[in-house]
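These notes concern the structure reproduced below.
The values are calculated or read from the model by the stated rules, or taken from the named source; none is laboratory data. Note that the coordinates shown come from a computational prediction; the quantities given were computed from them, not determined experimentally. Using ideal geometry, Cβ is built from the backbone for each residue, glycine included, and neighbour counts are taken over all protein chains shown.
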């Protein structure tokens, strides 16, 4: 006679075999496959691809943030889609169409709120991270002719359960404070400059810096002292330089603060600008192979890696952060769109869109370690971002 407890034990084993294997999520990441509306799930420990997750809509300018337990990825699609992806079950958990044209978002300090920036309709919508239920809708400033609201850019989480972003068409920065309730207190900063197009937060979460597309300069807000308002920095940095046609906007989340130096892309120039991170004055300019898009530091800040807009987007250059010398020019393949370091900097992952592959490099030896096929890959995002402010 088979005892009941043995039957229960056998049933439990069968259920366990049917589930996904138990594993951690700390080495997981996703690659956006823009042409097919899919994500490729990757892991860095073995430098391998685990799965393809489909049905995410228009990912032509997608970005991703992660839940604090690193299990869920939140994907912001260009079609207004907000998609919650379960990395362990390798499938979509929830998906909502919240706008007509979204341009990124952020997750709150406590991991409970998701903010999405929209071009159409212009403004920010905020959602419950677990259910994707909308809890706030904050329209942006209308244009003078009343035709539409301003487009929103540079949505970033900041300490104190707050979000910050800029308004491209009306030259403003808004700070949303959710620390007291789910109805935010809103602080508006006007006349920050012409056409803020993206922004960064310094690693400790103190300074929000918006780049300006319509003029040479940047707008800095000290979040320890927001009452002091916005300060202009790097005014006229391109004075005397011929501005070239801009084929792709730089991405300021790829700016680099490395010790007491900040490295930023110069719009319409073949240069990386260097600023003092304490007084925010320009201290140098590094000539590079094209118009910089991402300017990213290896996690130990010893090297700066730069990729470029068309027609130079087949190249990567590596800069010594101490001497500012270019120590390597690499040619991984056609259309290198994005770079992502693993959290401790032992690997650098590249998306080579027109080569249809992801590459893994050793950033110390500058050697190619692995190639993985991918469908028009663009953004690469590791789950370790869950524990960084401003990403």
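If you filter segment 38-54 down to residues that are free of Cβ contacts under 8 Å to residues at least 40 places away in the same chain and assigned to a loop (DSSP other than H, G, I, E, B), you find that the one that is surrounded by the fewest Cβ atoms within 10 Å (Cβ to Cβ) is 46.
In segment 363-391, how many are part of a strand (DSSP E or B), more than 18 Å from the chain's Cα centre (by Cα) and within 19 Å of residue 49 (Cβ to Cβ)?
Within segment 363-391, the first condition is being part of a strand (DSSP E or B), and the residues that meet it are 367-373, 377-382.
With the extra rule that they be more than 18 Å from the chain's Cα centre (by Cα), the set shrinks to 367-373.
Next, only the ones that are within 19 Å of residue 49 (Cβ to Cβ) stay: 368-373.
The qualifying residues number 6.
The one condition from (1) in a loop (DSSP other than H, G, I, E, B); (2) at pLDDT below 95; (3) over 19 Å from residue 391 (Cα atoms) that residue 289 does not meet is (2). Checked against the criteria, residue 326 does not count as closer than 27 Å to residue 232 by Cβ and either touching a helix residue (DSSP H, G or I) at 6+ places or on another chain (Cβ under 8 Å) or modelled with pLDDT of 95 or more (or both). All conditions in (1) in contact with a strand residue (DSSP E or B) (Cβ under 9 Å, 6 or more places away or on another chain); (2) surrounded by fewer than 21 Cβ atoms within 10 Å (Cβ to Cβ); (3) on the phi < 0 side of the Ramachandran plot hold for residue 69, with the sole exception of (1).
Taken across segment 206-218, residues that are assigned to a loop (DSSP other than H, G, I, E, B), at pLDDT 90 or above and surrounded by 17 or more Cβ atoms within 10 Å (Cβ to Cβ) do not occur at all.
Number of residues in segment 330-373 that are touching a helix residue (DSSP H, G or I) at 6+ places or on another chain (Cβ under 7 Å) and at positive phi: the value is 2. Of all residues in segment 78-94, those satisfying the criterion of being in contact with a strand residue (DSSP E or B) (Cβ under 6 Å, 6 or more places away or on another chain) and touching a residue at least 40 places away in the same chain (Cβ under 8 Å) are 80, 82, 84, 85, 87, 90.
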